1. Write out, first by first residue and then by second, each pair whose Cβ atoms fall under 6 Å of each other, whose residues are 6+ apart or on separate chains, and whose first residue, in the stretch 4-27, is within 12 Å of Asp162 (Cβ to Cβ) while the second is part of a loop (DSSP other than H, G, I, E, B) and of a type in the set (S, T, N, Q).
2. What strands (runs of 3 or more DSSP E) completely inside the stretch 136-233 contain at least 2 residues that are crowded, with 17+ Cβ neighbours inside 10 Å and within 27 Å of the chain's Cα centre (by Cα)?
3. In the stretch 264-295, what count of residues is obtained for those that are surrounded by fewer than 23 Cβ atoms within 10 Å (Cβ to Cβ) and either at pLDDT 90 or above or not hydrophobic (A, V, I, L, M, F, W, C) (or both)?
4. Condition test on Ala310, is it part of a helix (DSSP H, G or I) and within 30 Å of His536 (Cα to Cα)?
5. Among the numbered criteria (1) in a helix (DSSP H, G or I); (2) more than 24 Å from Leu158 (Cβ to Cβ); (3) under 25 Å from the mean Cα position of the chain (by Cα), which single criterion is violated by Gln269?
6. Where the second residue is β-branched (Val, Ile, Thr) and in a loop (DSSP other than H, G, I, E, B) and the first is within 22 Å of Val6 (Cβ to Cβ) and lies in the stretch 159-187, which pairs have Cβ atoms under 7 Å and are six or more apart or on separate chains?
7. In the stretch 414-459, how many residues are in a helix (DSSP H, G or I), out of contact with any Ser or Thr (no Cβ under 9 Å at 6 or more places or on another chain) and of a type in the set (Asp, Glu)?
Amino acid sequence: MAEPEVLVVGAGPVGLTVAYELARRGIAIRVVDKAEGPATSSRALATHARTLEILFQMGLVDRLLPLGQKVEHFSIHQRGRCLLAFDTNYTKMPTRFPFSLMVDQVRTEGMLREALSEQGVEVEWGVALDRFDADEDGVLAELRHADGGTEKVAVPWLVGTDGGKSTVRKALDLRLLGDTTETWLNADVVITGSDLPRDSNHLLHTGGGSLLLVPFPDPGKWRVVDTLDIEGADDPEVIRTRLENKISRALRRRVKVADPTWISVFTVQQRMIQRMRVGRCFVAGDAAHVHSPASGQGMNTGIQDGYNLAWKLADVVRGHAGDALLDTYGAERVPIGEVLLGSTEKATALVKLRNAALPVVLPVGLGLLNALKPVKRKVEGKVIRGFCGLPLNYADSPLTTCDPGYEKAGIKPGHRVACDGASERASAGWRAMCTELTDRRWSLLGFAGDGSPADLGAMLGRVEERHGAAVSVRTVVREAGDRTGPGPMADPGGRLAAGLGLRPGDYALVRPDGYLAAKGRIVSAEQLLSVLAGAHLIPSLEPADTRSQSGE
(Lines give C-alpha, C1' and ligand atoms only; values in the text may rest on other atoms or scores of the structure.)
Protein backbone atom coordinates (compact mmCIF):
# COMPACT_ATOMS: atom_id res chain seq x y z
CA MET A 1 0.00 0.00 0.00
CA ALA A 2 1.31 3.45 -0.91
CA GLU A 3 2.12 5.81 1.92
CA PRO A 4 -0.93 8.01 2.47
CA GLU A 5 -0.79 11.58 1.24
CA VAL A 6 -3.96 12.59 3.12
CA LEU A 7 -5.48 11.47 6.41
CA VAL A 8 -9.26 11.97 6.51
CA VAL A 9 -10.69 11.97 10.03
CA GLY A 10 -14.40 11.12 10.09
CA ALA A 11 -16.32 8.73 7.84
CA GLY A 12 -19.68 10.45 7.57
CA PRO A 13 -20.97 11.71 4.22
CA VAL A 14 -18.50 14.61 4.14
CA GLY A 15 -15.42 12.51 4.89
CA LEU A 16 -16.55 9.86 2.43
CA THR A 17 -17.00 12.51 -0.28
CA VAL A 18 -13.50 13.88 0.31
CA ALA A 19 -12.02 10.39 0.38
CA TYR A 20 -13.78 9.18 -2.75
CA GLU A 21 -12.86 12.27 -4.77
CA LEU A 22 -9.22 12.03 -3.70
CA ALA A 23 -9.05 8.28 -4.33
CA ARG A 24 -10.53 8.45 -7.82
CA ARG A 25 -7.94 11.10 -8.64
CA GLY A 26 -5.17 8.70 -7.67
CA ILE A 27 -4.32 10.12 -4.22
CA ALA A 28 -3.28 7.60 -1.53
CA ILE A 29 -5.41 8.18 1.58
CA ARG A 30 -6.47 6.77 4.94
CA VAL A 31 -9.92 7.26 6.42
CA VAL A 32 -10.36 6.75 10.16
CA ASP A 33 -13.39 7.06 12.42
CA LYS A 34 -13.58 6.57 16.19
CA ALA A 35 -17.00 4.90 15.93
CA GLU A 36 -17.02 1.10 16.14
CA GLY A 37 -18.78 0.86 12.79
CA PRO A 38 -21.17 2.58 10.38
CA ALA A 39 -24.08 4.52 11.81
CA THR A 40 -27.35 2.62 12.03
CA SER A 41 -29.66 5.38 13.25
CA SER A 42 -31.32 7.99 11.07
CA ARG A 43 -29.97 11.54 10.80
CA ALA A 44 -30.01 13.77 7.69
CA LEU A 45 -32.69 12.93 5.16
CA ALA A 46 -32.83 15.50 2.34
CA THR A 47 -30.43 15.53 -0.63
CA HIS A 48 -31.03 18.75 -2.54
CA ALA A 49 -30.60 19.63 -6.23
CA ARG A 50 -27.04 20.98 -6.11
CA THR A 51 -25.83 17.94 -4.19
CA LEU A 52 -27.49 15.69 -6.78
CA GLU A 53 -25.57 17.57 -9.49
CA ILE A 54 -22.36 16.92 -7.58
CA LEU A 55 -23.18 13.24 -7.25
CA PHE A 56 -23.76 13.17 -11.02
CA GLN A 57 -20.30 14.62 -11.57
CA MET A 58 -18.91 12.00 -9.18
CA GLY A 59 -20.59 9.26 -11.22
CA LEU A 60 -22.79 8.23 -8.28
CA VAL A 61 -26.20 9.84 -8.72
CA ASP A 62 -27.70 6.79 -10.46
CA ARG A 63 -26.83 4.75 -7.39
CA LEU A 64 -28.62 7.11 -5.03
CA LEU A 65 -31.79 7.96 -6.98
CA PRO A 66 -33.39 4.49 -6.63
CA LEU A 67 -32.88 4.64 -2.87
CA GLY A 68 -34.95 7.79 -2.32
CA GLN A 69 -38.32 9.48 -2.45
CA LYS A 70 -38.60 12.56 -4.68
CA VAL A 71 -40.21 15.56 -2.98
CA GLU A 72 -41.49 18.41 -5.14
CA HIS A 73 -44.02 20.16 -2.88
CA PHE A 74 -44.35 21.80 0.54
CA SER A 75 -47.83 21.73 2.07
CA ILE A 76 -49.14 23.72 5.03
CA HIS A 77 -52.07 22.33 7.06
CA GLN A 78 -54.30 23.74 9.77
CA ARG A 79 -57.47 22.37 11.40
CA GLY A 80 -57.91 19.58 8.90
CA ARG A 81 -57.38 21.74 5.81
CA CYS A 82 -54.45 21.94 3.44
CA LEU A 83 -54.17 25.73 3.26
CA LEU A 84 -51.55 25.79 0.54
CA ALA A 85 -49.30 23.45 -1.40
CA PHE A 86 -46.17 25.12 -2.71
CA ASP A 87 -44.83 23.57 -5.91
CA THR A 88 -41.23 23.68 -7.04
CA ASN A 89 -40.07 26.54 -9.24
CA TYR A 90 -36.61 26.08 -10.75
CA THR A 91 -37.25 28.20 -13.85
CA LYS A 92 -34.47 30.67 -12.98
CA MET A 93 -32.14 27.92 -11.74
CA PRO A 94 -31.88 25.36 -14.55
CA THR A 95 -31.06 21.88 -13.30
CA ARG A 96 -31.64 18.31 -14.41
CA PHE A 97 -32.59 17.44 -10.82
CA PRO A 98 -35.52 19.78 -9.98
CA PHE A 99 -36.46 18.10 -6.69
CA SER A 100 -35.19 17.06 -3.29
CA LEU A 101 -34.48 13.39 -2.74
CA MET A 102 -35.37 11.98 0.65
CA VAL A 103 -32.87 9.26 1.53
CA ASP A 104 -31.92 8.07 4.98
CA GLN A 105 -28.35 9.25 5.63
CA VAL A 106 -27.48 5.67 6.59
CA ARG A 107 -28.18 4.64 2.98
CA THR A 108 -26.34 7.62 1.54
CA GLU A 109 -23.27 6.75 3.58
CA GLY A 110 -23.56 3.10 2.58
CA MET A 111 -23.57 4.05 -1.10
CA LEU A 112 -20.52 6.28 -0.64
CA ARG A 113 -18.64 3.60 1.32
CA GLU A 114 -19.32 1.06 -1.40
CA ALA A 115 -18.00 3.45 -4.06
CA LEU A 116 -14.93 4.21 -1.93
CA SER A 117 -14.29 0.50 -1.44
CA GLU A 118 -14.30 0.07 -5.22
CA GLN A 119 -11.43 2.56 -5.27
CA GLY A 120 -9.51 0.25 -2.94
CA VAL A 121 -10.04 2.25 0.26
CA GLU A 122 -11.74 0.88 3.38
CA VAL A 123 -12.81 2.93 6.39
CA GLU A 124 -10.78 2.10 9.51
CA TRP A 125 -13.42 1.90 12.24
CA GLY A 126 -12.58 2.21 15.94
CA VAL A 127 -9.57 4.41 15.18
CA ALA A 128 -9.60 7.82 16.88
CA LEU A 129 -7.38 10.83 16.34
CA ASP A 130 -5.96 11.62 19.78
CA ARG A 131 -3.69 14.49 18.85
CA PHE A 132 -1.51 15.84 16.07
CA ASP A 133 1.29 18.28 15.38
CA ALA A 134 1.53 20.17 12.12
CA ASP A 135 4.22 22.28 10.53
CA GLU A 136 4.98 23.57 7.05
CA ASP A 137 6.20 20.14 5.95
CA GLY A 138 3.33 17.95 7.11
CA VAL A 139 1.33 16.47 9.96
CA LEU A 140 2.31 13.92 12.62
CA ALA A 141 -0.87 12.34 13.98
CA GLU A 142 -1.34 9.97 16.91
CA LEU A 143 -4.12 7.45 16.36
CA ARG A 144 -5.69 5.29 19.08
CA HIS A 145 -7.11 1.93 18.05
CA ALA A 146 -10.07 0.12 19.60
CA ASP A 147 -7.75 -2.28 21.48
CA GLY A 148 -6.06 0.67 23.19
CA GLY A 149 -2.93 0.57 21.07
CA THR A 150 -1.59 3.77 19.54
CA GLU A 151 0.01 4.52 16.22
CA LYS A 152 1.89 7.51 14.90
CA VAL A 153 1.38 8.36 11.25
CA ALA A 154 3.08 11.10 9.24
CA VAL A 155 1.09 12.56 6.35
CA PRO A 156 1.48 15.68 4.23
CA TRP A 157 -2.20 16.69 4.69
CA LEU A 158 -4.99 16.29 7.27
CA VAL A 159 -8.72 16.80 6.66
CA GLY A 160 -11.08 16.97 9.64
CA THR A 161 -14.62 15.89 8.81
CA ASP A 162 -15.29 14.73 12.36
CA GLY A 163 -18.53 16.54 13.14
CA GLY A 164 -19.73 19.27 15.46
CA LYS A 165 -17.40 18.21 18.30
CA SER A 166 -14.44 18.04 15.93
CA THR A 167 -11.09 17.09 17.46
CA VAL A 168 -9.35 18.66 14.47
CA ARG A 169 -11.18 21.98 14.79
CA LYS A 170 -10.45 22.22 18.52
CA ALA A 171 -6.77 21.37 18.07
CA LEU A 172 -6.49 24.09 15.44
CA ASP A 173 -8.16 26.55 17.84
CA LEU A 174 -10.91 27.37 15.36
CA ARG A 175 -13.93 28.53 17.31
CA LEU A 176 -17.56 28.11 16.28
CA LEU A 177 -19.27 31.49 16.49
CA GLY A 178 -23.02 32.04 16.51
CA ASP A 179 -26.15 31.18 18.45
CA THR A 180 -28.02 28.24 19.87
CA THR A 181 -31.74 28.86 19.73
CA GLU A 182 -34.49 26.23 19.74
CA THR A 183 -34.65 22.71 21.15
CA TRP A 184 -36.66 20.33 18.97
CA LEU A 185 -37.49 16.64 18.87
CA ASN A 186 -37.07 14.24 15.94
CA ALA A 187 -38.88 10.93 15.68
CA ASP A 188 -39.00 8.42 12.84
CA VAL A 189 -42.37 6.67 12.75
CA VAL A 190 -44.77 4.81 10.48
CA ILE A 191 -48.10 6.64 10.19
CA THR A 192 -51.28 5.06 8.87
CA GLY A 193 -54.49 6.86 8.02
CA SER A 194 -52.99 10.28 7.28
CA ASP A 195 -53.56 10.13 3.47
CA LEU A 196 -50.83 12.73 3.05
CA PRO A 197 -49.14 12.80 -0.39
CA ARG A 198 -45.64 11.40 -0.15
CA ASP A 199 -44.14 13.72 -2.77
CA SER A 200 -44.46 16.62 -0.34
CA ASN A 201 -43.16 17.79 3.00
CA HIS A 202 -46.04 18.72 5.31
CA LEU A 203 -46.12 21.44 7.94
CA LEU A 204 -48.96 20.90 10.42
CA HIS A 205 -49.93 23.87 12.57
CA THR A 206 -50.95 22.44 15.94
CA GLY A 207 -51.99 25.60 17.76
CA GLY A 208 -49.04 26.49 19.95
CA GLY A 209 -46.43 25.19 17.53
CA SER A 210 -46.02 22.90 14.57
CA LEU A 211 -45.01 19.48 13.34
CA LEU A 212 -42.94 18.99 10.19
CA LEU A 213 -43.48 15.66 8.40
CA VAL A 214 -40.86 14.54 5.90
CA PRO A 215 -41.37 11.29 3.92
CA PHE A 216 -38.92 8.42 3.88
CA PRO A 217 -38.85 6.19 0.80
CA ASP A 218 -40.13 3.36 3.01
CA PRO A 219 -43.94 2.88 2.84
CA GLY A 220 -45.74 4.91 5.49
CA LYS A 221 -42.54 6.07 7.22
CA TRP A 222 -42.10 9.73 8.14
CA ARG A 223 -39.60 11.90 9.96
CA VAL A 224 -41.63 14.01 12.40
CA VAL A 225 -40.06 17.16 13.83
CA ASP A 226 -41.84 18.53 16.91
CA THR A 227 -40.88 22.16 17.45
CA LEU A 228 -42.65 22.53 20.79
CA ASP A 229 -42.80 19.43 23.01
CA ILE A 230 -39.59 17.59 23.81
CA GLU A 231 -40.37 15.95 27.14
CA GLY A 232 -40.45 12.19 27.50
CA ALA A 233 -37.86 11.48 24.81
CA ASP A 234 -36.62 8.51 26.83
CA ASP A 235 -40.07 6.87 26.72
CA PRO A 236 -41.07 5.82 23.15
CA GLU A 237 -44.68 5.23 24.19
CA VAL A 238 -45.02 8.81 25.45
CA ILE A 239 -43.68 10.14 22.15
CA ARG A 240 -45.83 7.77 20.09
CA THR A 241 -49.03 8.74 21.91
CA ARG A 242 -48.30 12.45 21.82
CA LEU A 243 -47.51 12.47 18.11
CA GLU A 244 -50.57 10.36 17.32
CA ASN A 245 -52.81 12.82 19.17
CA LYS A 246 -51.15 15.90 17.66
CA ILE A 247 -51.27 14.66 14.08
CA SER A 248 -54.87 13.48 14.46
CA ARG A 249 -55.91 16.84 15.88
CA ALA A 250 -54.11 18.84 13.17
CA LEU A 251 -55.55 16.73 10.33
CA ARG A 252 -58.99 16.35 11.97
CA ARG A 253 -58.93 12.62 11.33
CA ARG A 254 -57.71 9.74 13.40
CA VAL A 255 -54.28 8.39 12.49
CA LYS A 256 -52.21 5.59 13.94
CA VAL A 257 -48.56 6.13 14.83
CA ALA A 258 -46.32 3.09 15.31
CA ASP A 259 -43.51 2.86 17.84
CA PRO A 260 -40.67 5.25 16.91
CA THR A 261 -37.59 3.62 15.42
CA TRP A 262 -35.47 6.64 16.38
CA ILE A 263 -35.94 9.58 18.76
CA SER A 264 -33.56 12.50 19.19
CA VAL A 265 -33.79 15.77 21.11
CA PHE A 266 -31.42 18.34 19.69
CA THR A 267 -30.55 21.99 20.04
CA VAL A 268 -30.90 24.10 16.92
CA GLN A 269 -27.55 25.77 16.39
CA GLN A 270 -26.48 28.45 13.92
CA ARG A 271 -22.71 28.56 14.25
CA MET A 272 -19.62 28.63 12.02
CA ILE A 273 -15.89 29.26 11.96
CA GLN A 274 -14.10 32.02 10.08
CA ARG A 275 -11.25 29.90 8.67
CA MET A 276 -11.31 26.44 7.12
CA ARG A 277 -7.59 25.98 6.51
CA VAL A 278 -4.64 26.20 8.89
CA GLY A 279 -1.46 25.30 7.01
CA ARG A 280 -1.71 21.66 5.98
CA CYS A 281 -4.93 21.04 7.90
CA PHE A 282 -8.55 21.59 6.81
CA VAL A 283 -12.02 21.20 8.28
CA ALA A 284 -15.28 20.60 6.42
CA GLY A 285 -18.94 19.95 7.14
CA ASP A 286 -20.22 20.11 10.71
CA ALA A 287 -16.64 20.56 11.89
CA ALA A 288 -16.78 24.00 10.25
CA HIS A 289 -20.44 25.04 10.55
CA VAL A 290 -23.65 23.77 12.12
CA HIS A 291 -27.10 24.73 10.86
CA SER A 292 -30.72 24.44 11.83
CA PRO A 293 -32.16 21.27 10.30
CA ALA A 294 -35.24 23.19 9.14
CA SER A 295 -34.20 23.22 5.48
CA GLY A 296 -31.90 20.20 5.48
CA GLN A 297 -28.66 22.10 4.86
CA GLY A 298 -26.15 20.33 7.11
CA MET A 299 -25.27 17.25 5.05
CA ASN A 300 -25.71 19.04 1.73
CA THR A 301 -23.43 21.91 2.69
CA GLY A 302 -20.87 19.47 4.05
CA ILE A 303 -20.80 17.39 0.86
CA GLN A 304 -20.37 20.59 -1.13
CA ASP A 305 -17.48 21.60 1.19
CA GLY A 306 -15.85 18.23 0.69
CA TYR A 307 -16.21 18.32 -3.08
CA ASN A 308 -14.76 21.85 -3.26
CA LEU A 309 -11.76 20.86 -1.16
CA ALA A 310 -11.01 17.45 -2.67
CA TRP A 311 -10.40 18.44 -6.28
CA LYS A 312 -8.20 21.34 -5.20
CA LEU A 313 -6.18 19.22 -2.81
CA ALA A 314 -5.78 16.53 -5.47
CA ASP A 315 -4.50 19.08 -8.00
CA VAL A 316 -1.91 20.33 -5.51
CA VAL A 317 -0.80 16.85 -4.39
CA ARG A 318 -0.38 15.73 -8.02
CA GLY A 319 1.63 18.84 -8.85
CA HIS A 320 -0.96 20.26 -11.21
CA ALA A 321 -1.51 23.40 -9.13
CA GLY A 322 0.30 25.61 -6.67
CA ASP A 323 -0.42 25.67 -2.96
CA ALA A 324 -2.28 28.99 -3.31
CA LEU A 325 -5.17 27.08 -4.88
CA LEU A 326 -5.93 25.65 -1.43
CA ASP A 327 -6.44 29.14 0.01
CA THR A 328 -9.46 29.50 -2.25
CA TYR A 329 -11.22 26.70 -0.33
CA GLY A 330 -11.92 28.87 2.70
CA ALA A 331 -12.23 32.01 0.60
CA GLU A 332 -15.15 30.37 -1.20
CA ARG A 333 -16.79 28.22 1.46
CA VAL A 334 -16.77 30.58 4.46
CA PRO A 335 -19.01 33.15 2.68
CA ILE A 336 -21.27 30.30 1.53
CA GLY A 337 -21.62 29.21 5.15
CA GLU A 338 -22.64 32.74 6.13
CA VAL A 339 -25.31 32.85 3.42
CA LEU A 340 -26.70 29.50 4.52
CA LEU A 341 -26.88 30.55 8.16
CA GLY A 342 -29.21 33.34 7.07
CA SER A 343 -31.43 31.06 5.00
CA THR A 344 -31.68 28.37 7.68
CA GLU A 345 -32.57 31.00 10.28
CA LYS A 346 -35.54 32.04 8.13
CA ALA A 347 -36.54 28.41 7.60
CA THR A 348 -36.43 27.83 11.35
CA ALA A 349 -38.83 30.72 11.94
CA LEU A 350 -41.20 29.33 9.28
CA VAL A 351 -41.21 25.78 10.63
CA LYS A 352 -41.85 26.61 14.28
CA LEU A 353 -44.97 28.74 13.52
CA ARG A 354 -45.32 30.23 17.00
CA ASN A 355 -47.57 33.24 16.99
CA ALA A 356 -50.87 33.71 18.80
CA ALA A 357 -52.46 35.37 15.77
CA LEU A 358 -51.52 32.60 13.33
CA PRO A 359 -54.76 30.56 13.62
CA VAL A 360 -56.60 33.58 12.15
CA VAL A 361 -53.95 35.11 9.92
CA LEU A 362 -52.59 31.93 8.35
CA PRO A 363 -55.71 30.81 6.43
CA VAL A 364 -56.41 34.32 5.17
CA GLY A 365 -52.85 35.04 4.04
CA LEU A 366 -52.27 31.68 2.41
CA GLY A 367 -55.70 31.73 0.79
CA LEU A 368 -54.91 35.09 -0.79
CA LEU A 369 -51.52 33.81 -1.97
CA ASN A 370 -53.15 30.72 -3.47
CA ALA A 371 -55.53 32.94 -5.46
CA LEU A 372 -52.74 35.11 -6.86
CA LYS A 373 -51.02 32.52 -9.05
CA PRO A 374 -48.20 34.73 -10.45
CA VAL A 375 -47.34 35.91 -6.93
CA LYS A 376 -47.47 32.35 -5.63
CA ARG A 377 -45.11 31.26 -8.41
CA LYS A 378 -42.60 33.94 -7.44
CA VAL A 379 -42.80 32.92 -3.79
CA GLU A 380 -42.24 29.29 -4.79
CA GLY A 381 -39.08 30.29 -6.63
CA LYS A 382 -37.86 32.28 -3.63
CA VAL A 383 -38.55 29.39 -1.25
CA ILE A 384 -36.64 26.95 -3.47
CA ARG A 385 -33.69 29.34 -3.74
CA GLY A 386 -33.29 29.25 0.01
CA PHE A 387 -32.38 25.58 0.27
CA CYS A 388 -31.65 23.92 -3.10
CA GLY A 389 -28.05 25.18 -3.25
CA LEU A 390 -28.28 26.15 -6.92
CA PRO A 391 -28.02 29.96 -6.59
CA LEU A 392 -24.87 29.75 -4.47
CA ASN A 393 -21.92 30.90 -6.54
CA TYR A 394 -18.27 31.88 -6.53
CA ALA A 395 -18.56 35.16 -8.41
CA ASP A 396 -16.30 36.85 -5.83
CA SER A 397 -13.76 34.01 -5.72
CA PRO A 398 -10.10 34.69 -6.46
CA LEU A 399 -10.46 31.97 -9.13
CA THR A 400 -13.13 33.89 -11.05
CA THR A 401 -12.20 36.25 -13.89
CA CYS A 402 -14.00 37.72 -16.88
CA ASP A 403 -12.99 39.72 -19.92
CA PRO A 404 -14.71 43.12 -20.16
CA GLY A 405 -17.99 42.89 -22.02
CA TYR A 406 -18.62 39.25 -21.11
CA GLU A 407 -20.20 39.82 -17.70
CA LYS A 408 -23.87 39.95 -18.68
CA ALA A 409 -24.56 37.52 -21.52
CA GLY A 410 -25.16 33.88 -20.65
CA ILE A 411 -23.87 32.09 -17.58
CA LYS A 412 -21.84 34.46 -15.43
CA PRO A 413 -18.34 33.59 -14.25
CA GLY A 414 -18.48 32.00 -10.83
CA HIS A 415 -21.86 30.39 -11.50
CA ARG A 416 -22.81 26.79 -12.31
CA VAL A 417 -22.53 25.51 -15.87
CA ALA A 418 -25.86 23.71 -16.02
CA CYS A 419 -29.01 23.18 -18.04
CA ASP A 420 -32.44 21.71 -17.43
CA GLY A 421 -33.61 18.33 -18.67
CA ALA A 422 -35.39 19.76 -21.70
CA SER A 423 -32.24 21.52 -22.91
CA GLU A 424 -30.18 18.37 -22.43
CA ARG A 425 -32.64 16.37 -24.52
CA ALA A 426 -32.92 18.99 -27.26
CA SER A 427 -29.28 20.05 -27.59
CA ALA A 428 -26.34 17.86 -28.56
CA GLY A 429 -24.05 20.62 -27.29
CA TRP A 430 -25.56 20.57 -23.82
CA ARG A 431 -25.52 16.76 -23.77
CA ALA A 432 -21.82 16.87 -24.55
CA MET A 433 -21.31 19.49 -21.84
CA CYS A 434 -23.11 17.37 -19.25
CA THR A 435 -20.79 14.49 -20.10
CA GLU A 436 -17.82 16.84 -19.92
CA LEU A 437 -18.82 17.75 -16.36
CA THR A 438 -18.05 14.18 -15.29
CA ASP A 439 -14.39 14.64 -16.27
CA ARG A 440 -12.23 15.03 -13.17
CA ARG A 441 -10.16 17.78 -14.78
CA TRP A 442 -10.72 21.43 -15.57
CA SER A 443 -12.32 22.00 -18.98
CA LEU A 444 -11.11 24.62 -21.43
CA LEU A 445 -13.57 25.15 -24.27
CA GLY A 446 -12.50 27.01 -27.42
CA PHE A 447 -15.34 27.93 -29.78
CA ALA A 448 -14.58 27.44 -33.47
CA GLY A 449 -16.40 28.95 -36.45
CA ASP A 450 -16.47 32.10 -38.54
CA GLY A 451 -14.63 34.78 -36.64
CA SER A 452 -12.39 32.47 -34.63
CA PRO A 453 -8.58 32.65 -35.07
CA ALA A 454 -7.32 30.69 -38.07
CA ASP A 455 -4.82 28.91 -35.83
CA LEU A 456 -7.33 28.14 -33.07
CA GLY A 457 -6.56 24.42 -33.24
CA ALA A 458 -2.84 25.06 -32.84
CA MET A 459 -3.44 27.38 -29.88
CA LEU A 460 -5.60 24.84 -28.08
CA GLY A 461 -3.16 22.08 -28.97
CA ARG A 462 -0.35 23.96 -27.29
CA VAL A 463 -2.42 24.36 -24.12
CA GLU A 464 -3.20 20.66 -24.19
CA GLU A 465 0.50 19.80 -24.48
CA ARG A 466 1.27 21.87 -21.39
CA HIS A 467 -1.77 21.10 -19.23
CA GLY A 468 -3.51 18.03 -20.66
CA ALA A 469 -3.05 15.99 -17.46
CA ALA A 470 -5.05 18.58 -15.50
CA VAL A 471 -7.19 20.25 -18.19
CA SER A 472 -9.55 18.73 -20.73
CA VAL A 473 -9.07 20.91 -23.82
CA ARG A 474 -12.10 20.86 -26.13
CA THR A 475 -12.81 22.55 -29.44
CA VAL A 476 -16.51 23.40 -29.72
CA VAL A 477 -17.57 23.01 -33.36
CA ARG A 478 -20.92 23.41 -35.10
CA GLU A 479 -20.93 20.09 -36.94
CA ALA A 480 -20.01 16.61 -35.80
CA GLY A 481 -16.93 15.42 -37.63
CA ASP A 482 -15.29 18.86 -37.75
CA ARG A 483 -11.67 18.38 -36.68
CA THR A 484 -10.72 22.03 -36.21
CA GLY A 485 -8.77 21.35 -33.00
CA PRO A 486 -8.26 18.96 -30.11
CA GLY A 487 -11.17 17.21 -28.39
CA PRO A 488 -13.93 18.28 -30.79
CA MET A 489 -17.33 18.81 -29.12
CA ALA A 490 -20.28 19.30 -31.49
CA ASP A 491 -22.77 22.09 -30.73
CA PRO A 492 -25.17 22.09 -33.72
CA GLY A 493 -27.49 25.07 -33.48
CA GLY A 494 -25.14 26.79 -31.03
CA ARG A 495 -27.33 26.27 -27.95
CA LEU A 496 -24.36 25.57 -25.67
CA ALA A 497 -22.56 28.66 -26.95
CA ALA A 498 -25.69 30.76 -26.44
CA GLY A 499 -26.15 29.42 -22.92
CA LEU A 500 -22.61 30.45 -22.06
CA GLY A 501 -23.00 33.77 -23.86
CA LEU A 502 -20.11 33.05 -26.24
CA ARG A 503 -19.33 33.35 -29.97
CA PRO A 504 -16.78 31.75 -32.31
CA GLY A 505 -13.33 32.80 -31.14
CA ASP A 506 -14.30 32.87 -27.45
CA TYR A 507 -13.21 30.56 -24.65
CA ALA A 508 -14.69 29.26 -21.40
CA LEU A 509 -12.76 27.74 -18.50
CA VAL A 510 -14.87 25.42 -16.34
CA ARG A 511 -13.63 24.23 -12.97
CA PRO A 512 -13.65 20.53 -12.01
CA ASP A 513 -16.71 21.19 -9.83
CA GLY A 514 -18.70 22.59 -12.77
CA TYR A 515 -18.51 26.32 -12.03
CA LEU A 516 -17.46 28.76 -14.76
CA ALA A 517 -14.06 30.17 -13.79
CA ALA A 518 -13.45 32.48 -16.74
CA LYS A 519 -14.59 33.43 -20.22
CA GLY A 520 -13.58 35.89 -22.89
CA ARG A 521 -11.96 36.35 -26.29
CA ILE A 522 -9.13 34.11 -27.48
CA VAL A 523 -6.09 36.19 -28.44
CA SER A 524 -3.21 33.74 -28.31
CA ALA A 525 -2.01 30.52 -26.73
CA GLU A 526 0.04 32.61 -24.30
CA GLN A 527 -3.12 34.37 -23.17
CA LEU A 528 -4.88 31.05 -22.51
CA LEU A 529 -1.85 29.78 -20.62
CA SER A 530 -1.94 32.98 -18.56
CA VAL A 531 -5.60 32.35 -17.69
CA LEU A 532 -4.66 28.88 -16.43
CA ALA A 533 -1.74 30.31 -14.48
CA GLY A 534 -4.17 32.74 -12.85
CA ALA A 535 -6.07 29.68 -11.62
CA HIS A 536 -2.78 28.49 -10.02
CA LEU A 537 -2.35 25.69 -12.56
CA ILE A 538 1.20 24.55 -13.30
CA PRO A 539 2.33 23.01 -16.61
CA SER A 540 2.48 19.30 -15.92
CA LEU A 541 5.49 17.06 -16.30
CA GLU A 542 3.12 14.16 -16.90
CA PRO A 543 2.24 13.22 -20.48
CA ALA A 544 -0.95 14.91 -21.63
CA ASP A 545 -3.89 12.56 -21.04
CA THR A 546 -6.59 13.48 -23.52
CA ARG A 547 -8.85 10.61 -22.51
CA SER A 548 -11.95 11.48 -20.54
CA GLN A 549 -11.35 11.21 -16.82
CA SER A 550 -15.02 10.78 -16.05
CA GLY A 551 -16.72 9.74 -12.85
CA GLU A 552 -18.27 6.72 -14.52
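The values are calculated or read from the model by the stated rules, or taken from the named source; none is laboratory data. Source: prediction; values computed, not measured. For neighbour counting, all protein chains shown are included, and Cβ atoms are generated from backbone atoms with ideal geometry for every residue, glycine included.
1. Gly10/Thr161; Val14/Thr161; Gly15/Thr161
2. 157-160, 177-192, 200-205, 210-215, 221-226
3. Result for the stretch 264-295: 12.
4. yes
5. Looking at each condition in turn, Gln269 falls short on (1).
6. Partner pairs satisfying both residue conditions: Arg169/Ile273; Leu174/Ile273.
7. Selection size over the stretch 414-459: 1.
For every residue, the table says whether it meets (1) out of contact with any Ser or Thr (no Cβ under 8 Å at 6 or more places or on another chain); (2) at pLDDT 95 or above; (3) in the same structural domain as Ser452 (by TED's automatic domain parsing); (4) on the phi < 0 side of the Ramachandran plot.
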residue: Ala498; (1), (2), (3), (4): yes, yes, yes, yes
residue: Leu509; (1), (2), (3), (4): no, yes, yes, yes
residue: Gly514; (1), (2), (3), (4): yes, yes, yes, no
residue: Lys519; (1), (2), (3), (4): yes, yes, yes, yes
residue: Ser524; (1), (2), (3), (4): yes, yes, yes, yes
residue: Leu528; (1), (2), (3), (4): yes, yes, yes, yes
residue: Glu542; (1), (2), (3), (4): yes, no, no, yes
residue: Ser548; (1), (2), (3), (4): no, no, no, yes
